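*Asks:* I'd like to ask you about the structure that follows.
The values are calculated or read from the model by the stated rules, or taken from the named source; none is laboratory data. The model shown is predicted, which means the values in this text are computed figures rather than measured ones. Using ideal geometry, Cβ is built from the backbone for each residue, glycine included, and neighbour counts are taken over all protein chains shown. Side chains included, ligands, DNA and RNA excluded: accessible areas come from the protein's heavy atoms. Shrake-Rupley method; radii C 1.70, N 1.55, O 1.52, S 1.80 Å.
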Amino acid sequence: MPATTKTRRFLVVAFTTAAVAMLAFADLQKGEYTPSQLGSLQQPAPQHLVPDANFAVSAYPVSTLDLAPGDGLQEVRIYCNTCHTPRYITMQPPLPAATWEAEVNKMNKAFGANVPDEESRKIVAYLQAHYAADTRR
């Protein structure tokens, strides 16, 4: 077997192994958030603290923006607030209902929001009911 074939085979095996390791690590790092965890940090303190160091962690800031009450509001607060402030919803111009669905799909597919399908449907329905062009107050 020529050296280039061995090198090529080695590179394919090395790349595949690295890709599998990165995917496994990324899967371990993704968060699952529930209403009881909203606004809290799910991270342990460092294992080895230096005796003369100061460590302080304040509460994670949770936006107090008043969104329209309704079915799906809790899902919006849990999943949308994970990546961005709810102000992104209210600062949008009145969008057609189909555009809100496209936005939620974009957050899941392009930006990797990883919102379960049932919750995505609730979020879309909430946004269409309260922030679409024909329903916005």
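*Asks:* Evaluate segment 51-60: report whether one residue or more is exposed (fewer than 10 other Cβ atoms within 10 Å of the Cβ), under 30 Å from Glu118 (Cα atoms) and at pLDDT 70 or above.
*Replies:* Yes, there is a match, as at least one residue in segment 51-60 is exposed (fewer than 10 other Cβ atoms within 10 Å of the Cβ), under 30 Å from Glu118 (Cα atoms) and at pLDDT 70 or above.
*Asks:* So which pairs qualify, if the first residue must be in segment 65-79 and surrounded by 16 or more Cβ atoms within 10 Å (Cβ to Cβ), the second must be at pLDDT below 90 and assigned to a helix (DSSP H, G or I), the Cβ gap must be under 7 Å, and the two must be at least 6 apart or on different chains?
*Replies:* Going by the 7 Å Cβ cut-off, the qualifying pairs are Ile78/Pro35.
*Asks:* Let me ask something else about it. Is it true that Asn114 is over 19 Å from Arg137 (Cβ atoms), open to solvent by 80 Å² or more (accessible area, probe 1.4 Å), at pLDDT 70 or above and within 19 Å of the chain's Cα centre (by Cα)?
*Replies:* Judged against the criteria, Asn114 is a match.
Here's the yes/no breakdown for (1) within 25 Å of Asp117 (Cα to Cα); (2) of a type outside the set (Asp, Glu); (3) at pLDDT 85 or above:
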{"residue": "Thr34", "(1), (2), (3)": "yes, yes, no"}
{"residue": "Pro44", "(1), (2), (3)": "no, yes, no"}
{"residue": "Ser63", "(1), (2), (3)": "yes, yes, no"}
{"residue": "Gly70", "(1), (2), (3)": "yes, yes, yes"}
{"residue": "Cys83", "(1), (2), (3)": "yes, yes, yes"}
{"residue": "Val104", "(1), (2), (3)": "yes, yes, yes"}
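*Asks:* Can you give me the number of residues within segment 75-85 that are of a type in the set (Lys, Arg) and under 9 Å from the mean Cα position of the chain (by Cα)?
*Replies:* Looking only at that region, the number is 0.
*Asks:* Of all residues in segment 86-111, count the ones that are hydrophobic (A, V, I, L, M, F, W, C) and over 14 Å from the mean Cα position of the chain (by Cα).
*Replies:* The total comes to 7.
*Asks:* Would you confirm, using the coordinates I've provided, whether Arg136 is modelled with pLDDT under 90 and either open to solvent by 60 Å² or more (accessible area, probe 1.4 Å) or of a type in the set (Gly, Ala, Ser) (or both)?
*Replies:* Against the criterion (modelled with pLDDT under 90 and either open to solvent by 60 Å² or more (accessible area, probe 1.4 Å) or of a type in the set (Gly, Ala, Ser) (or both)), Arg136 qualifies.
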